[in-house]
Amino acid sequence: MIRGAMGGALVALLASSGRAIAEGAAATPDDPFILLLHGIYSPVVQGPDLGLSTVNLSDGSYSTTLIYPVFGFPGTPSNENARAIGNFFVQFKGNLCAYQLPKGAIAMKFTSGGFTPHPDGQGGHFLEGTWELTVLEASGIYAPFQGGHNHMVDRLHQLSNGKFDEFCFCVISQYQFP
């Protein structure tokens, strides 16, 4: 009896939070949701087809690193042992990027922002800054975010060997930034 009441209370709580509880229902990200881009970038030679018309990940202009869930993403772990959930692709000489995520993808365009360099004391630089992006295209469970916004808070480490080590939080929302 107590177990049934507790189960009913849990179902009511989950339903009231707007989360899908039916088995097989597609969970969607919160608005906004936050992702972490983290890791050493590597060049993309033959990129995946994300089904997005605004990016060509095989044109030789993209580099890639990993994406981790932080907040508001379906199945976000409650500890620091999160596993990568996707790949981030960016043009270092260009203004486009793409997110390859579970159950869909997102293409964006950088609209403003910049870096301030700080020496790392080992021959490299920390490039710190914020960036504003517009969501150009979104598929799958991210379709409601098309036309939305991404606010990036970035600390990109340019290592002395020329490689880039990313640490960037992305706050992705359905509404456009003023």
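The values are calculated or read from the model by the stated rules, or taken from the named source; none is laboratory data. Keep in mind that what you see is a predicted model, and the values were worked out from it rather than measured. Here Cβ is always computed from backbone atoms with ideal geometry, including for glycine, and neighbour counts include all displayed protein chains.
Filtering 103, 93 for residues that are at positive phi and charged (D, E, K, R) leaves a single hit, 103. Can residue 145 be described as buried (at least 16 other Cβ atoms within 10 Å of the Cβ), in contact with an Asp or Glu (Cβ under 8 Å, 6 or more places away or on another chain) and under 20 Å from residue 64 (Cα atoms)? No, not satisfied. Which members of region 143-160 meet the condition of being in contact with a strand residue (DSSP E or B) (Cβ under 7 Å, 6 or more places away or on another chain) and within 22 Å of residue 62 (Cα to Cα)? Those that are in contact with a strand residue (DSSP E or B) (Cβ under 7 Å, 6 or more places away or on another chain) and within 22 Å of residue 62 (Cα to Cα): 146, 149, 150, 151, 152, 153, 154, 155, 156, 157, 158, 159.
Residues checked against (1) β-branched (Val, Ile, Thr); (2) in contact with a Lys or Arg (Cβ under 6 Å, 6 or more places away or on another chain); (3) within 18 Å of residue 29 (Cα to Cα):
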residue	(1), (2), (3)
91	no, no, no
116	yes, no, no
161	no, no, no
172	yes, no, yes
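Restricting attention to region 118-156, the residues that are of a type outside the set (A, V, I, L, M, F, W, C) and in contact with a Lys or Arg (Cβ under 6 Å, 6 or more places away or on another chain) total 3. Just one of the listed residues (104, 140) is farther than 14 Å from residue 88 by Cα and out of contact with any Asp or Glu (no Cβ under 9 Å at 6 or more places or on another chain), and it is 140. Do we have any residue at all in region 114-133 that's within 25 Å of residue 43 (Cβ to Cβ), touching a residue at least 12 places away in the same chain (Cβ under 8 Å) and within 13 Å of the chain's Cα centre (by Cα)? Yes. In region 130-155, how many residues are in contact with a Gly (Cβ under 6 Å, 6 or more places away or on another chain) and either at pLDDT below 95 or at positive phi (or both)? Qualifying residue count for the region: 1.
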